[in-house]
1. For a quick check of your reading of the model, give me the residue pairs whose first member lies in segment 50-69 and is under 15 Å from ASP111 (Cα atoms) and more than 15 Å from the ligand (Cβ to nearest atom), whose second is open to solvent by 30 Å² or more (accessible area, probe 1.4 Å) and outside any helix (DSSP H, G or I), with beta-carbon atoms closer than 6 Å and at least 6 apart or on different chains.
2. Filter segment 157-171 down to residues that are within 12 Å of the ligand (Cβ to nearest atom) and either surrounded by fewer than 20 Cβ atoms within 10 Å (Cβ to Cβ) or in contact (Cβ under 8 Å) with a residue 60 or more places away in the chain (or both), then give me how many there are.
3. Do you know which residues across segment 136-156 are of a type in the set (Phe, Trp, Tyr) and crowded, with 23+ Cβ neighbours inside 10 Å?
4. Would you check if ASN30 is open to solvent by 20 Å² or more (accessible area, probe 1.4 Å) and either under 18 Å from the mean Cα position of the chain (by Cα) or not aromatic (Phe, Trp, Tyr) (or both)?
5. Could you tell me whether any residue of segment 4-22 is more than 20 Å from PRO102 (Cβ to Cβ) and either more than 15 Å from the ligand (Cβ to nearest atom) or in contact with a Gly (Cβ under 7 Å, 6 or more places away or on another chain) (or both)?
6. Only one of (1) within 10 Å of the ligand (Cβ to nearest atom); (2) open to solvent by less than 30 Å² (accessible area, probe 1.4 Å); (3) closer than 19 Å to LEU139 by Cβ; (4) part of a loop (DSSP other than H, G, I, E, B) is not met by ILE77, so which one is it?
7. (1) more than 20 Å from GLY150 (Cα to Cα); (2) touching a Phe, Trp or Tyr at 6+ places or on another chain (Cβ under 8 Å): which one isn't true of VAL78, the others all being true?
Amino acid sequence: MKTVIITGASDGLGKAVAKLLLDKGMRVVNISRSKCDLNGAENIACDLSNQEDLDRAVQTIKEKYSDFDVLINNAAIVGYAPINEIDYAKFEKTWKVNTIAPLYLISKLFDLIVENAADVINIGTTHSQHAHPGAENQLAYCASKYGLRGGSYNISMELKKTKARLVHVYMGGFQSKMHEKDYGNVMTDPENWMKPSDLADIILYIINLPKQIEISEITINRKGRRG
Ligand SMILES: NC(=O)c1ccc[n+]([C@@H]2O[C@H](COP(=O)([O-])OP(=O)(O)OC[C@H]3O[C@@H](n4cnc5c(N)ncnc54)[C@H](OP(=O)(O)O)[C@@H]3O)[C@@H](O)[C@H]2O)c1
């Protein structure tokens, strides 16, 4: 039975991935502020923007889940604001959650990742490949996700020397409340966006790839979209 540690599985894509992995008999450990309420999910309460919380989460992983097979860095926030209005606090929070937290988690768990020959999946965005229309007022989000992308490259350089793998996923738009929660933008046309459950199937496929195959980066986008 695989043990999968995933950030941000209380909602959205993370929750859809957690559901599928639990259905497949895997052990799923969620890291977020509120609980993943799925039957069987285990939770580590953590505000990813807070270093003490992060250190406590790392300690819990080392004590209870040190044999983990997969780490999925999925949690993120938008930090929506026009370029000429964004304040320091919003920049800082967005970078802490989207960039520092996932890279810090990998850093603190790096020795276990190598020892366990674990898979790391960093959920990025197509907005860290190009400047797309639709990303207006998402300066902190786009820049922080470019930061995550850069971190994935740097860490991959080391992990390629080991049996562990890192996949950086450039994700396109899917049905979620991420934008609604951040700045009240309600999705009115869900049928035009990808379904989290379909994306979860792809994540499961990646996790189950034979160990002699390594996907370093993958772009998953809505049909017809650039990315
Ligand atoms: N939605 C899209 O169209 C889209 C497109 C491309 C890429 N993505 C990426 O896909 C991933 C998942 O997005 P989503 O749409 O599923 O988001 P979501 O539904 O808003 O869920 C975000 C998750 O992150 C957690 N989170 C947020 N802030 C946190 C904090 N400070 N500490 C701990 N956990 C925190 C939330 O849990 P709590 O609130 O309980 O803490 C929640 O479980 C993100 O990396 C996002 O950038 C999304």
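1. These pairs meet every condition: ASP69/LYS2.
2. 1
3. TYR141 - this is the single residue of segment 136-156 that is of a type in the set (Phe, Trp, Tyr) and crowded, with 23+ Cβ neighbours inside 10 Å.
4. Spelling it out, it is not the case that ASN30 is open to solvent by 20 Å² or more (accessible area, probe 1.4 Å) and either under 18 Å from the mean Cα position of the chain (by Cα) or not aromatic (Phe, Trp, Tyr) (or both).
5. Yes: segment 4-22 contains one or more residues that are more than 20 Å from PRO102 (Cβ to Cβ) and either more than 15 Å from the ligand (Cβ to nearest atom) or in contact with a Gly (Cβ under 7 Å, 6 or more places away or on another chain) (or both).
6. So ILE77 meets the others, but not (2).
7. (1)
A quick yes/no check of all residues on (1) open to solvent by 70 Å² or more (accessible area, probe 1.4 Å); (2) within 25 Å of ASP69 (Cα to Cα); (3) out of contact with any helix residue (DSSP H, G or I) (no Cβ under 6 Å at 6 or more places or on another chain); (4) in contact (Cβ under 8 Å) with a residue 60 or more places away in the chain:
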| site | (1), (2), (3), (4) |
| --- | --- |
| MET187 | no, no, yes, no |
| ASN192 | yes, no, yes, no |
| SER197 | no, yes, no, yes |
| ASP201 | yes, yes, yes, yes |
| ILE206 | no, yes, yes, yes |
| ILE218 | no, yes, yes, no |
| ARG222 | no, no, yes, no |
| ARG225 | yes, no, yes, yes |
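The values are calculated or read from the model by the stated rules, or taken from the named source; none is laboratory data. From a predicted model like this one, the values you see are computed outputs, not experimental measurements. Methodologically, a virtual Cβ is constructed for each residue, glycine included, from the backbone with ideal geometry; neighbour enumeration extends over all protein chains shown. Heavy atoms of the whole protein, side chains included, go into the accessibility calculation; ligands, DNA and RNA do not. Shrake-Rupley method; radii C 1.70, N 1.55, O 1.52, S 1.80 Å.
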